[in-house]
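For reference, the structure is listed below as structure tokens.
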Amino acid sequence: MEVSRQGQISLFSPIVMDFETYAAINGGSRQDIGEAALHRSSLNKSPNTHRMQVLAQARKDHLVILKRDELRDEYDDLVGAGVYRPLTQIERLLDRASGDPEFESVQAARRVLTKRGYDWSTGECMVNAATIG
């Protein structure tokens, strides 16, 4: 059982999920915006055909953006209701630190977690939070 800030007792703890994950699960992923190879098809197609393809992609992108706006409102309502909880900064850093060490962002996340007293490989706090300055 958990007690909310308003003093209400909840029988379940909220699901930890950020908006991007929620959007991807519900059909509003950022990966659905754009077409990576659209520029290649212009070499083998007539200008009119290419223009129609670009317009069709623009319409599709617009629909995804509208869907993401709806999902954002829905996600915010669910967070307010206590169904979901966004990741904390430490949780986001731990998620990023578990990536490929060749990426600078992974190295930076590991440095920040170490500086704050967390073991990035296990996620455990190595020191008392009161001693971190």
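The values are calculated or read from the model by the stated rules, or taken from the named source; none is laboratory data. As the structure is a computational prediction, the values presented were derived from the model and not from experiment. Cβ sites come from the backbone with ideal geometry, for glycine too, and all protein chains shown count toward neighbours. To get the accessible areas, we keep the full protein, side chains included, count just its heavy atoms, and leave off ligands, DNA and RNA. Shrake-Rupley method; radii C 1.70, N 1.55, O 1.52, S 1.80 Å.
Annotations for the structure displayed:
- A DSSP coil position with no more than 14 other Cβ atoms inside 10 Å describes the following chymotrypsin sites (Phe, Trp or Tyr not before Pro) in the stretch 45-133: 103.
- Each of 29, 105, 121 has its accessible area taken with a 1.4 Å probe; listed largest first, they run 121, 105, 29.
- In this view, the solvent-accessible surface of residue 45, computed with a 1.4 Å probe and all protein chains in place, comes to about 90 Å².
- Rounded accessible area of residue 95 (nearest 10 Å², 1.4 Å probe): 100 Å²
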